[in-house]
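The values are calculated or read from the model by the stated rules, or taken from the named source; none is laboratory data. Everything numeric here is computed off the predicted structure, so don't read it as measured data. Here the Cβ is made from the backbone with ideal geometry for all residues, glycine too, and neighbour counts use every protein chain on show. These area figures cover heavy atoms from the full protein model, side chains too; ligands, DNA and RNA do not enter into them. Shrake-Rupley method; radii C 1.70, N 1.55, O 1.52, S 1.80 Å.
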Amino acid sequence: MPTGTLSLHPVSDGTFVARPEYFGASGLPRPHPEFFSPGGAAWLPIGCFLVRGGQRLVLVDAGLGPDLQRLPHGMRLVGGQLLTGLRALGVTAADITDVICSHLHADHIGWLFDADARPVFARAAIWIGQGDWRHFVTGAGEMLPHIREGLRDSAVSGVARLIDRDTTIAAGIAALLAPGHTPGHLCVAVSSGQQRALLVGDAITCPIQLDEPTWHSMGDVDPVLAARTRERLWRELEDEHTVGVGAHFPELRFGHVGPGARGRRFGYTEGSLR
Ligand SMILES: [Zn+2]
């Protein structure tokens, strides 16, 4: 676990009610009662992570914001809790020095700007994969108008920093290219000594995809590349010193890939990262 000078705190902005259809599975080949409730829904977080290190307070992903978004098949996202969660950690929006966006889907950037397109994290640099900038901000990708306007302003003011290669953001904190779910999707590696925590964003939606490798994620812009990236990340999580968590992993718990009855299994790591 990252300790010493770095600390890592999961904070959920709210709830993502997912159904098998999200993963491209219309029926359930196996019931997966560990994941889907009897009504067929998985109640997942809308994850963000706060990394404290030296003078930097880095937020990884900015939730859905104070909003509700309805998705097909009765799925929905309900956000709004991020700033409350940060306050519980003794952090205000003005304290954040950097926001790293794993990607530019609505449930990862909702708190970046208020309804008038003014920055919520007024002092923060915003780090974004260049492929996502091209797809969502200057391209045709779907994005709420006030977020797009805020991002365009932040490019003019120099607040937006575009990433086109693996990049060190601060000591022990690196953004790594992990395209597929979106063209410029980033993972964030937090390292301390030999230990490494990998924040995989939506490159892996849930550990269940290790058991069901044909399940993709609704919204994968390039499903073939996304599957390749997922497999690469599973392999990284086999490393004994690496743990990982995605933005929608149940309870935002970290885990690790080890041997299992069907080849490999994802096991949650016990203990706290704080
Ligand atoms: Zn997401």
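When the solvent-accessible area of the chain is split by element, carbon and sulfur atoms take up 53 percent of it, the probe being 1.4 Å. Let me check I've understood the local charge: for Ala247, count other residues with C-beta under 10 angstrom from its C-beta, Lys and Arg +1, Asp and Glu -1. What total comes out? Summing Lys/Arg as +1 and Asp/Glu as -1 gives -4.
Distance from the alpha carbon centroid of region 70-101 to that of region 37-59 works out to 8 angstrom. Modelled this way, with points 7 Å down the Cα-to-C-beta line, the labels at Asp222 and Glu251 are 3.6 nm from one another.
For Gln194, neighbours were defined as the other residues whose beta-carbon sits under 13 Å from its Cβ, and their charges (Lys and Arg +1, Asp and Glu -1) total -1.
If you take the alpha carbon radius of gyration of region 102-176 and divide it by 2.2 N^0.38 Å, what ratio comes out, to two decimals?
Numbers: Rg = 12.0 Å, N = 75, 2.2 N^0.38 = 11.3 Å.
After normalising by residue count via 2.2 N^0.38 Å, the value is 1.06.
When restricted to Cα atoms, the chain yields an Rg and a Dmax of 17.5, 53 Å, respectively. Estimated from helices alone, the mean residue ellipticity of the chain at 222 nm is -4000 deg cm²/dmol (sum of -39500 (n - 2.57) over DSSP H runs with n ≥ 4, per residue).
In this structure region 61-180 gives 45 Å² per residue of accessible area when probed at 1.4 Å with all protein chains present. The separation of region 208-227 from region 179-201, counted between C-alpha centres, amounts to 17 Å. Taking the alpha carbon gyration tensor of region 199-243, multiplying each eigenvalue by 5 and rooting it gives semi-axes of 18, 10, 9 Å, largest first.
Order the peptides 191-198, 241-248 from the highest to the lowest mean number of other Cβ atoms within 10 Å of their residues.
Working: 191-198: 17.1, 241-248: 23.2.
Packing order, densest peptide first, comes out as 241-248, 191-198.
With +1 on each Lys and Arg Cβ and -1 on each Asp and Glu Cβ, how big is the dipole of region 190-265 about its Cα centre, in debye rounded to the nearest 20?
Working: 9 positive and 11 negative charges, 31 e Å.
Dipole size: approximately 160 debye.
Less than 14 Å Cβ to Cβ from Val137, Lys/Arg counted +1 and Asp/Glu -1: what total charge do the surrounding residues give? Don't skip to the end; give the middle numbers.
Values: positive: Arg134, Arg148, Arg152, Arg161; negative: Asp132, Glu142, Glu149, Asp153.
Overall, the nearby charge balance is 0.
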